[in-house]
Amino acid sequence: MARKKQPTQAELAAQAEAAEMMRIQQAFEQGTNTLRDLISPSAIEIHSDYFRLGTKYGRTLYVYGYPRSLYTGWISPIINMDEVVDVSMYIYPVESAVVMKNLRTKVTQLEASLNLNAEKGRVRDPELEAAINDAEELRDQLQVGAERFFRFGLYVTLWADSLDELKFVQQKIETIFGQQMIFSKVASSQQEQGLNSTMPQCTDQLQIRRNMNTGAISTSFPFTSADLTQDKGILYGINMHNNGLVIFDRFSLENANMVVFAKSGAGKSFTVKLEALRSMMVGSEILIIDPENEYQKLCDAVGGSYIRLSLNSDVRINPFDLPKVVDQEDANDALRANLVTLHGLFRLMLGGNQTTANGQVVPALTANEEADLDQALIDTYARAGITSDPLTHQSTPPTILNLYDTLAHMGGSGPQLAQRLRKYTTGTFAGIFSQQSNVDINNQMVVFNIRDLEDELRPVAMYIVLSHIWNVVRAQQKKRILIVDEAWQLMQYEDSANFLFSLAKRARKYYLGLTTITQDVEDFMGQKLGRAIVANSSMQLLLKQSTSAVDVLSDVFKLTEEEKRRLSNFPVGQGLFFAGQNHVHIQVIASETEESLITTNPAAKGR
């Protein structure tokens, strides 16, 4: 009978190991029944200056030093940066009585040091004096309840796929903090506590805190990510806060008006032309008053109408034209509204209201001349068969020549006014505005070029063109954008400034968005009507400004100290974009094709 072979010691050990592995495998499979087991990382490694969670590397930093003062939104660059970071803030309120006692002791110590330095004849210590002033100011505010005291801890955990990438992200964060005189360190030998402190479980295991009052704490409000992306609209540029896209529909606001302020060469015309080009793609009609021949290339590229106004051209615009309005209320008021417009125009033609050195306004027309002009305008329309009855408004309108004839044959100041208007009828400026209109603006883009007009005639031309456009806008409501470049030329005169303000105020009713562009910020904002136009514009774009203009705009737009600093140092194409209650730091970008159509850079034109 054969004997059964006994297993060797090695075979027994192998069997035992296999059985143990089977048991472990069964235990593991039974333990992965919960969601927590399925999503948890396979392992965690803790090192002195980093940790590894599954396949991700992480590192926790803590902030230990702050400048004397903080500006609102100082932490937004960290929150909005294009990296994976976890930010935790711990705020502990402190009893005011305890703080007052400690401050009293601290002030006593500081003043003792100050007196000691004075007794020993040492040079004054500005840092010591500033500390005493800050402490005393805080004591006063705590005493009346205007401030409270807190302990503040700020920790940042950053994540990456490798140690080299982790180092790069750390340098990026430390650079952002360092630019603001905020100092951070790696939580050496405390990476596990740092990870726990930045996880969403409210356990401050690092306990590295800094004293702050209410004002300083409020600047660290974390929800500062500005987002101006809509489901519809056009691309204006890149949101520099978070590298998102600024896609916006200006007609979604309470009004579609926009003002653009920038110094020469900052990119204001480039930005506006880019917006016009992209707005055409979504069905908007574009009307432009171009004083410097900047829009011809773009207009020709899109098949628009380019209307060149000059004394030598055959283009004619009659300021006596009446709008062919459909709305009955507007039709009844059409003649009266145009008479008011003509009053402003003729005051402008006759020199405009002048302001003396002591601030007194000298009117272009006396009260008697105003009355005679009003009667002459009514009589001129009546002779053409046009009265307040809307049915008569289809008749051929009169011209300045007819008004001249009416004034010359009436009593009072009529003949004198006729002589003052002669240069527009038979004199130097005759023809362009003294004959029937032959302009057709039935195109998706229409540009009125006034570069070749004499300086004296430019404000008059802008006024008449705006009036003509306004008549067309009222006659047929479409989605339109009206761009007025170098608007400061209109703001020089009270009547033309009033007319521009009237357009800004009434544009919304007729589905019109008015874009006002100027580089002369101080003069524009120094006038009440200029500020009123800004107030009636739901969108504003502030590109790079001169130092003197920054203070003016800061007062109007309530800019922070950081925004004021940036506004005078923006590179070309960057600025502050305001839309309703939101505003972001924007970088305007264009494709190569778009840039070739709209750039005014002489070096780029030759490419």
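Tabulated values for the structure
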read-out	value
Inter-probe distance in nm under a simple model that places probes 7 Å from Cα toward Cβ, at residue 144 and residue 562	2.9
Cβ-Cβ FRET estimate between residue 94 and residue 333, R0 fixed at 41 Å, reported to 0.05	0.05
Per-pair calculated FRET efficiency, R0 = 45 Å: residue 83 and residue 506 via Cβ, rounded to 0.05	0.40
Euclidean distance between Cα centres, the stretch 408-441 to the stretch 57-96, Å	69
Residue list for the stretch 145-183, given a label point 7 angstrom along the Cα-to-Cβ vector of residue 108 and an amide N cut-off under 19 Å	none
Candidate lysines - alpha carbon under 20 Å from residue 56, same-chain residues fewer than 8 apart omitted	167, 172
Whichever lysines have a C-alpha closer than 24 Å to that of residue 268, once near sequence neighbours (fewer than 8 apart) are set aside	232, 297, 479, 505, 528, 544, 558, 564, 605
Volume of the Cα convex hull of the stretch 478-607, divided per residue and given in Å³	136
Candidate values (1) 32.3, 112; (2) 35.9, 154; (3) 26.4, 86, label of the one derived for Rg and Dmax of the Cα atoms in Å	(2)
Additional length obtainable on full extension of the chain from residue 185 to residue 252, 0.36 nm per residue less Cα span	19.5 nm
For the chain, share of DSSP beta bridges that run antiparallel, in % to the nearest 5	65
The chain: DSSP helices with Cα axial extent of at least 27 Å and average Kyte-Doolittle hydropathy no lower than -1.0	9-31, 96-119, 328-349
Label-point gap, in nm, between residue 340 and residue 389 - each point 7 angstrom along Cα→Cβ	2.5
Rh by Kirkwood over Cα pairs, then Stokes-Einstein D for the stretch 44-218 at 0.890 mPa s and 25 °C, µm²/s	134
Full-extension gain in nm, residue 230 to residue 214, via 0.36 nm per residue minus C-alpha separation	2.3 nm
Fewest-first ranking of 433, 577, 557, using other Cβ atoms within 10 Å as the exposure measure	557, 433, 577
Distance (nanometres) between label positions extended 7 Å along Cα→Cβ at residue 531 and residue 296	4.0
Cβ-derived FRET efficiency at R0 45 Å, residue 378 paired with residue 455, nearest 0.05	0.90
Aspartates and glutamates whose Cα lies under 19 Å from that of residue 509, excluding same-chain neighbours fewer than 8 positions away	249, 254, 285, 327, 329, 330, 333
Computed helical MRE - 222 nm, the chain, DSSP H runs ≥ 4 contributing -39500 (n - 2.57), nearest 500	-13000 deg cm²/dmol
DSSP beta bridge pairing in the stretch 452-607, given as percent antiparallel to the nearest 5	65
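Just so you know, all these numbers are worked out from the coordinates, no wet-lab data involved. Fair warning: this is a prediction, and the values are worked out from it, not measured in the lab. So basically every Cβ, Gly included, is an ideal-geometry build from the backbone, and we count neighbours across all protein chains shown.
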